[in-house]
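This report refers to the structure that appears directly beneath it.
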Amino acid sequence: MTQHTYLYNSKINNVLTNINRVMIGKEEATTLSLVALLAEGHVLLEDVPGVGKTMLVRALAKSLDCDFKRIQFTPDLLPSDVTGVSIYNPKEMEFEFKNGPIFGDIVLADEINRTSPKTQSSLLEAMEEMSVTVDGKTLGLKKPFFVMATQNPIEYEGTYPLPEAQLDRFILKLKMGYPNPTEELEMLNRTSKEHPITTIDAVMSKDELVGVQHMVSDVFVDATVKEYIIQLVTGTRNHRAVYLGVSPRGSIALMKAAKAYAFIQDRDYVIPDDVKYLAPFVLSHRIILNSEAKFEGFTVEQVVQELLDKATIPVRKDYR
């Protein structure tokens, strides 16, 4: 890497350190969230209430000096509550468009599975095309644009399953889990007077973030590593337990995530271990099992692990 790249990589490490001051024992979730952001993707966080999903997004936005917007999804939320609405201005005698909360740098879609599929789908165009269409007009979104959606487990009352097309727009799906007793004790100690989120400052600017995203896109991926990605993705389509395998969008997502992860690891090239580590987070939520596999208690995580165990890992001395 060049000296310029190392400077930005150092700032990325500062961002991780900053967030980990707030998120105790959640280093992996923090790193993977930043992977998604640098890869210009979006994250779905699934877990029970109260484990710090919202706090992670707030800490990320504050560390990057980004405009933070929060959308609380409820059963009565309308698509216009997300995208915005045109309001008639009698003084100017014309309609004026009022931006919705989707027009932010980092958008928290909180409890996304508590609203109807119609409202959930209002995020689709923004997440995939970086634009919003309202009243027949297409409005572009500015970079950086990052959606982190949280959802409660589907067995909780009053939730709606996310459509497959919506799930496919998330580059990663993460679970945070409960802290262990030591981490929870440290959490109590740190929040006894004030919450750590109030003490952190921005350590990177929006312009610098966009610059790093461009650098990440230039990270080199060897042909053998691309073939490894295709081998894994193709395996999901042919697996005996799978009704619907990973789409080509999933292949691209895995490659982009691997580039971002390599950059965070101080490399300007991807190695097979990057792909192997990220595959469960990128592929699992894109797989639908057939009814027989569900009846037998098979899981998508088992499918991905089986494919990783069987796949031929490329071996080279240098992947640069």
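All of the numbers you see were taken from the coordinates with simple rules; none came from a lab. Bear in mind that the values here come from a model prediction, so they are computed numbers and not experimental data. Neighbour counts are summed over all protein chains in view; Cβ atoms, including those assigned to glycine, are modelled from backbone coordinates with ideal geometry.
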Measure up Lys98/Lys118; Lys69/Lys226; Lys53/Lys317; Lys26/Lys118; Lys173/Lys259; Lys11/Lys256 against 28 Å on the Cα-Cα distance and list the ones that go over. Lys69/Lys226; Lys53/Lys317; Lys26/Lys118
Give me the net charge for the shell around Gly41: Cβ to Cβ below 12 angstrom, other residues only, Lys and Arg +1, Asp and Glu -1. +2
Equivalent ellipsoid dimensions for segment 219-314 as semi-axes, Å, which come from the Cα gyration tensor, largest first: 26, 11, 11
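How do Asp67, Asp105, Asp218 rank when sorted from fewest to most other Cβ atoms within 10 Å of their own Cβ?
Least crowded to most crowded, the residues run Asp218, Asp67, Asp105.
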Let me know the shape class of the chain, please: from the alpha-carbon gyration tensor, a ≥ b ≥ c as square roots of the eigenvalues, rounded when a/c is under 1.5, otherwise prolate if a/b is greater than b/c, or oblate. rounded
Around His214: net Lys/Arg minus Asp/Glu count, Cβ-Cβ under 14 Å: -1
About its Cα centre, what dipole magnitude does segment 219-314 give when the only charges are +1 on Lys and Arg Cβ and -1 on Asp and Glu Cβ, stated in debye to the nearest 20? 340 debye
Using a Gaussian network for the chain with springs between C-alpha atoms less than 10 Å apart, which of these wobbles most: Gly104, Gly235, Gly50? Gly50
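Based only on other Cβ atoms within 10 Å, what is the fewest-to-most ordering of Ser291, Ser33?
Starting with the residue having the fewest Cβ neighbours, the order is Ser291, Ser33.
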Among the GluC sites (Glu not before Pro) within segment 286-320, which fall in a DSSP loop and have no more than 12 other Cβ atoms within 10 Å of their own Cβ? Glu296
Prolate/oblate/rounded label for segment 151-308 (Cα gyration tensor, a/c 1.5): oblate
When the dipole is taken about the Cα centre of segment 162-244, and only Lys, Arg (+1) and Asp, Glu (-1) are charged at their Cβ, what size is it in debye, to the nearest 20? 440 debye
Cut-off is 10 Å between beta-carbons; in what order do Arg240, Arg169, Arg249 appear when sorted fewest neighbours first? Arg240, Arg249, Arg169
Pseudo-spin-label distance Asn238 to Ser80, built 7 Å along Cα→Cβ, given in nm, is 5.1 nm
The FRET efficiency for Val315 and Gln265, from their Cβ-Cβ distance with R0 = 22 Å and rounded to 0.05, is 0.70
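Find the relative contact order for segment 219-314 and round it to a whole percent, using C-alpha pairs within less than 8 Å whose residues are 6+ positions apart.
With pairs under 8 Å counted, the relative contact order is 37 percent.
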Calculate how large, on average over all directions, the projected area of the Cα convex hull of segment 48-106 is; give the answer in nm² to one decimal. 5.8 nm²
Which residue, Lys193, Lys11, Lys53, tops the fluctuation ranking in a GNM of the chain built on C-alpha contacts under 10 Å? Lys193
By the C-alpha gyration tensor axes a ≥ b ≥ c (rounded if a/c is under 1.5, else prolate when a/b exceeds b/c, else oblate), the shape of segment 1-122 is oblate
Leading residue at positive end of dipole, the chain (Cβ point charges), from Leu64, Ile271, Ser192: Ile271
Taking Cα centroids, how far is segment 49-102 from segment 233-312 in Å? 32 Å
Taking Cα pairs closer than 8 Å and at least 6 residues apart, the relative contact order of the chain in percent is 22 percent
Identify the chymotrypsin sites (Phe, Trp or Tyr not before Pro) of segment 73-181 meeting these criteria: DSSP loop state and at most 14 other C-beta atoms within 10 Å of the C-beta. Tyr156
Suppose every Lys and Arg Cβ carries +1 and every Asp and Glu Cβ carries -1, with no other charges. What dipole size does the chain come out with about its Cα centre, to the nearest 20 debye? 400 debye
